[in-house]
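Following: one structure in C-alpha cells, then a few remarks.
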Amino acid sequence: MMLSVKFTTKVILALFFTILLFNLSIPLSVFASEVAQHSGEVLVHDDHGHGMEPLLFIIIALIIGAATSHFLKKSPLPFTVTLLIIGLVLGVANRNSLFEGYLDSISHAIRWAGNIDPHIILFVFLPTLIFEAAFAMDFHTFKKTSSNAVIMAGPGILLALFLTAALMMGLAYFGFGLQYWNWSIALMFGAVVSATDPVAVVALLKELGASKKLGTLIEGESLLNDGTAIVIFMVFFLALTGAASDTAPVIEFLRVAAGGIFVGLLLGWIAIAWIKKVFNNAMVEISIIIATAYLTFYIAEDFLHVSGVLGLVALGLMIGGVGKTRISPEVQHFLHEFWELAAFIANALIFIIVGIVVAERAVFTATDFLVLGILYIGIHVVRAIVIAIFYPAMKRLGYGLPIKDAYVLWYGALRGAIGLALALVVAGVDDKYISPEIKNQFLFYTAGIVVLTLLINATTIKFLVNSLGLTAIPPAKALMMLNAKQYLRNSSENALERLKKDRFLSRANWSIVSEYLPDAIPLNQEKIVIETIAELRRRVLQKEKSNYWKQFKEGILGPDGVVLLSDGINEVMDAGGLVPLSERKDLEELWHTPKMMSRIQKLPILGKMSERMFIDKLSVSYDCARGFVEAQEECLTLVESMVRSAGDDKDELKNLSMIESEINENRIHGLTFLRNLRKEYPEIYTAIATRQASRLVLNYELHTIERLLNKGQLESDEAKKMIHAVEARMKKLMDSPPAVYLPENNELLKNIPWLKDLDDATFNEVATEFQSRLFAIGDVITKEAKGGDGLFVIARGTAKVTVGSQLVDVVGAGAVIGEISFLTGKNRSALVKAESPVTALRISYASLSRIVNKSPKVEEMLWMIGGARMAGNLLGQTEPFNIWRAKQLKKLIEKGYIVSGQKEKNITMKNKIGVLLSDKAFDANNKEITAPSIINSDITLSPNARIFLATLEEQGTEEQ
C-alpha cells in the first residue's frame, strides 16, 4: 500500500510540474481584469530563440537549486540568499554579454527570466508558496499567535506604509532625486516594501531549534501581511491607472479582504467534503487539493476581484486544521512531501529569477544608491516604531511577545518575490500613467530592498538569534538528551558484542566497525543538576499526542476524537510542563455536552435533531475517553523505559514516580468516565466497540496481506486487488459505522420500580404521555423556588439535589423529580442538576392530572414517593433527627407509609412520628394544624389530608 501511494505521488508531481512548465512557456497576460483594461501595459517578449527558453531556464534553475542544496548545505548563507547571489551573477554576466556565442541559448533563457511577466510569479508561484506555508503551519500555534499576526498585518502595515511614504516624500522634499513622486506613488511604494518574505528566517529558526511560536508568528504575519499589502497596492495602483471603483477605499479594502477569506473557506469546505468521501486514493486527494488551491486564487483574483492571497491562507489553514483528519492517514505524509517539494522548486526558481531581474532590469544613478541606503535604514526604523507602538498589546495577547522575540520579529522582516513582482507590475504600466523615471526608481528601490534584506538581514540573523540566547537548549532537555545518548551508546555496544559471536561475521575488522558507534559520553562529564519534571511532562505529553494520531491512523479513534484530544494536549503543553498532568481542564470540557442542546430539545421541530446531536456528542466523548485511557497506558510504558534509562539517579527516579502517579490518576479518571457511561448508555458502548472490533479485524487482514506479499506468497497484482477490497470495507465502515439506537420510552419506563406494578393498560397510557429529554453534565433539570409544569423520571444517569447551598441527595435511575410540586401545588423545593449525562422522561402536569383522575393507583405511588422525600427533608432539620446518621434516618423513612384522611380519620401517634403532607388536621384540643408539619401526638385528619407515618419503636429496637 505504501509503495502504491509513493508511485501515485510521483505521478501527481510529474503532472503538476508538466502543467507548470507549460504555463511558464506561455506568458500570462492578465493580473486582474482592471489592470489589463486600464493600465495600458505592453509586454515585450524576446523573439530570439525557438520558444524553448523557459524550459531551458527551468532546467538550469532546478540544477542550480539541487546543487546548492546538496553541495553548499554547510554554507553559512541561507539557501534562498545563495540562489539570489547566483541569480545576480547570472544577470550581471548576461547583461555584459558573457554568454553570447556558443551559449546563446543560455543567454536567451536568462533574458527571458529577466523580462519575465510578473503575473507568472503572482499566478503560478504564489499559490504554491502561500498555500504550502499555511497548510504546513501548526494550526493550534497559529491560533494562539494570530492576534499578534493580525495586529502586524492590519494596523501595523497601515502605519508602516504611511511612515514609509512620509520618508519617501521627505527625501523628495530635500532634493534626493524624487522630484516626480507624490503621495499616491509613495503610499503605493510603502505597501510594496511592507510585503515580507519569511522563507529564509523561518527556515533558519527551524534549523537552530528556536521557538516554534516565534517562527509561526513571523510566518503568520507574513502570510496575512502579503494579502493586506497586495490589496492596498491594488487600491492605489487602480487609482493611478484610472481604474478605481467608486467605492470608498476603506470599504473596498474590507470587501476585497473579507471576500478572499470567504472564497477560501467556501472552497475549502467543498474540498473537505469531497475528500471525506475518498479513502487512501492519493491521486484523487492530492489532485483535489492542488486544484482547490489554484481555483481559489483564480476565482478570487480573476472572477470576484478579491484577495487571492487571503483566500489561500484561509484555505491552507482550513485544510491543514479542520481537514487534517479528513485526509486519508496513508496520504497525509505524501501530501506534505508533495507541497514541500513544490515549495522548494518554486523558491529555487523565484530567487534565481529575482537576482536576474535585479541585475538585468535595474536602472539607477549614484543618487539612487544613497536613497537606497537611507531607505534600508528607514524601513527598519519604521518597523521598530510599529512594534514599539503595538508591543504593550502584543505582549499580552496569545502567547505574548517576549522582548527577545520582538527583536527577531523586527530584524527578520525580509522582503522578497511578492514585493518585486508588484514593482514589476508598476514598471510595466504605460508611461501616460506613471513616468519612466518613477518606474525605474520604484523598481530599483524595491529590488534593492529585497537584495539588501536578504544579503544583510538573512545572513546575520543567526548571530542575533544566538546572541539573544533563543537557541539555548534548556538544562532539563540537555540532561534528557545526554541520558538518551548514553543509553544509545550502551545499547549499541551491547549489540556489537552480540554480533561478534555471529559465526558469519567473526572475521570482521571490529576496530573499524567500532568507529561507526555513536560518540562516547565522557564518564567524568559534570552532572547537570536541574529540575527535570517539566521536561519529563513535556515528553510524556508529546507521546500522548502521537499516540492519538497513531490510533486515528489505525482507525481506532475517530476524526472528531483525535482533533479534540490533540487540541486538549496542545493547551496543556502551552503551560510548558509546569502543571501536573492530572490537572486537565480540557478533559472536563471534552466530556461535557453543550448546554444549548438541552434548550433546543424544547423546540418542536428541532427536538429530535437535538437528541441525535446529544447522542453523537456522547459517542464522541466515549470515543475520546477510550482513546485517552489507551494513551495513558502507552505513557506508562514510556515512563517505565525512562526508569530503566535513569539507572541510579535518585532525583530522576523521584520525578518519574511523580509523573507515573499523575498518569495513573488520569487513567483512573478516564476509566471511571467509561464505566459510568457504559452503565448508563450501553448502546453507545456497544456501537463504538463494534466499530473498533471491525476495524481491528480489517487492520489484521490488511497487515496479513502485506506480510504475505513481503514473503513472496502473493504477487503484487493479487495483493493490490485484495488490499483494495479491504480498503473498500474500511471505507464502508467509516461512512456507515454501527448506529446508536436508544430504547423507546416504554423500555425505559419498564425499568422504573414504582411503575412496574401498574396494569398493562395504565402503564401504556402513562408511557404514551412521557417525552424523553437529555441533559448534559451540569444542566439544570428543575430550579428551586420555581413553579413547575412537568414531572421528570430519571431513566439514566445521576443528578444532584440541593436545597440552598446544601447537597441533600444524589438520585439515579427511577428517581422522580417534581412530584411534590404537582401534589401540593407549591413551588419546587430543590435545585436538581445533572451530575452525569441524564436521560429523563417528562410528563406535563396536565397530562399527569388526567391519568391520576383515571388511575388513583398512580396518585398513591406519587404520594408515597413524594411523601417519603418531604418527610426526610423535614425530619432531617428537626431534633432529634438532625443528629441521626444519614443511614439511620433513611431506614426510618424506608419503613414509613402514607395514610389518607378518606381512609383513616383518627390517627394514634404512640411510638410513631408523622409528617402532615397536605391539607390540614386537628389535635385533641381541636386546634388546626396545616401542612407541612411534624406530628407527634394524636390527630384527626381532614378528608383531603395525607400524612406520612413511621414507627419509632422498631427503629429504637434496631438501634439498641
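Per the conditions (1) at pLDDT 85 or above; (2) part of a loop (DSSP other than H, G, I, E, B), the sole criterion not satisfied by Ser146 is (2).
So is Gly378 more than 31 Å from the chain's Cα centre (by Cα), open to solvent by less than 20 Å² (accessible area, probe 1.4 Å) and within 29 Å of Ile63 (Cα to Cα) or not?
no
If you go through segment 272-299 and pick out every residue that is closer than 17 Å to Ile121 by Cα and either at pLDDT below 90 or of a type in the set (Phe, Trp, Tyr) (or both), you end up with 3. In segment 500-521, the residue that is most open to solvent (accessible area, probe 1.4 Å) out of those that are farther than 19 Å from Tyr487 by Cα, assigned to a loop (DSSP other than H, G, I, E, B) and not acidic (Asp, Glu) is Arg507.
Would you pick out the residues in segment 235-294 that are among the charged types (D, E, K, R), outside any helix (DSSP H, G or I) and under 24 Å from the mean Cα position of the chain (by Cα)? Lay out the reasoning, then the answer.
Initially, segment 235-294 is screened for residues among the charged types (D, E, K, R), giving 246, 252, 255, 276-277, 285.
Of the ones still in play, those that are also outside any helix (DSSP H, G or I) are 246, 277.
The one that is among the charged types (D, E, K, R), outside any helix (DSSP H, G or I) and under 24 Å from the mean Cα position of the chain (by Cα): Lys277.
Scanning segment 96-132 for residues being touching an Asp or Glu at 6+ places or on another chain (Cβ under 6 Å) and closer than 22 Å to Ala417 by Cβ gives a total of 4. Name every residue in segment 397-416 that is under 23 Å from Thr80 (Cα atoms) and open to solvent by 10 Å² or more (accessible area, probe 1.4 Å), in order of residue number. Asp405, Tyr407, Trp410, Tyr411, Arg415, listed by residue number. If the condition is being in a helix (DSSP H, G or I) and either touching a Gly at 6+ places or on another chain (Cβ under 6 Å) or modelled with pLDDT under 85 (or both), then segment 359-372 contributes Ala359, Glu360, Arg361, Ala366, Thr367, Leu372. Evaluating Leu774 against the criteria (1) under 29 Å from the mean Cα position of the chain (by Cα); (2) open to solvent by 60 Å² or more (accessible area, probe 1.4 Å) leaves one unmet condition, (2).
Would you confirm, using the coordinates I've provided, whether Asn94 is in contact with a Gly (Cβ under 9 Å, 6 or more places away or on another chain), modelled with pLDDT under 90 and within 28 Å of Phe253 (Cα to Cα)? Steps first, answer last, please.
Details: in contact with a Gly (Cβ under 9 Å, 6 or more places away or on another chain): yes; modelled with pLDDT under 90: yes; within 28 Å of Phe253 (Cα to Cα): no.
In short, no.
Looking for whichever is modelled with pLDDT of 85 or more, among the hydrophobic types (A, V, I, L, M, F, W, C) and assigned to a loop (DSSP other than H, G, I, E, B) here; the options are Leu375, Leu397, Leu341, Leu409. Which one fits?
Numbers: Leu375 fails: assigned to a loop (DSSP other than H, G, I, E, B); Leu341 fails: assigned to a loop (DSSP other than H, G, I, E, B); Leu409 fails: assigned to a loop (DSSP other than H, G, I, E, B).
Leu397 is the lone residue from the list that is modelled with pLDDT of 85 or more, among the hydrophobic types (A, V, I, L, M, F, W, C) and assigned to a loop (DSSP other than H, G, I, E, B).
Can we say Ala186 is closer than 21 Å to Ala257 by Cβ, crowded, with 20+ Cβ neighbours inside 10 Å and modelled with pLDDT of 85 or more? Break it down stepwise before answering.
Numbers: closer than 21 Å to Ala257 by Cβ: no; crowded, with 20+ Cβ neighbours inside 10 Å: yes; modelled with pLDDT of 85 or more: yes.
In short, no.
Filtering Leu653, Leu671 for residues that are modelled with pLDDT of 85 or more, part of a helix (DSSP H, G or I) and either open to solvent by 10 Å² or more (accessible area, probe 1.4 Å) or in contact with a helix residue (DSSP H, G or I) (Cβ under 7 Å, 6 or more places away or on another chain) (or both) leaves a single hit, Leu671. Here Thr247 clears all of (1) open to solvent by less than 60 Å² (accessible area, probe 1.4 Å); (2) free of Cβ contacts under 8 Å to residues at least 60 places away in the same chain; (3) β-branched (Val, Ile, Thr) except the condition numbered (1).
The values are calculated or read from the model by the stated rules, or taken from the named source; none is laboratory data. Note that the coordinates shown come from a computational prediction; the quantities given were computed from them, not determined experimentally. Every residue, glycine among them, receives a Cβ derived from its backbone with ideal geometry; neighbour counts consider all protein chains shown. For the accessible areas, the whole protein counts, side chains as well, though only heavy atoms, and no ligand, DNA or RNA atoms are used. Shrake-Rupley method; radii C 1.70, N 1.55, O 1.52, S 1.80 Å.
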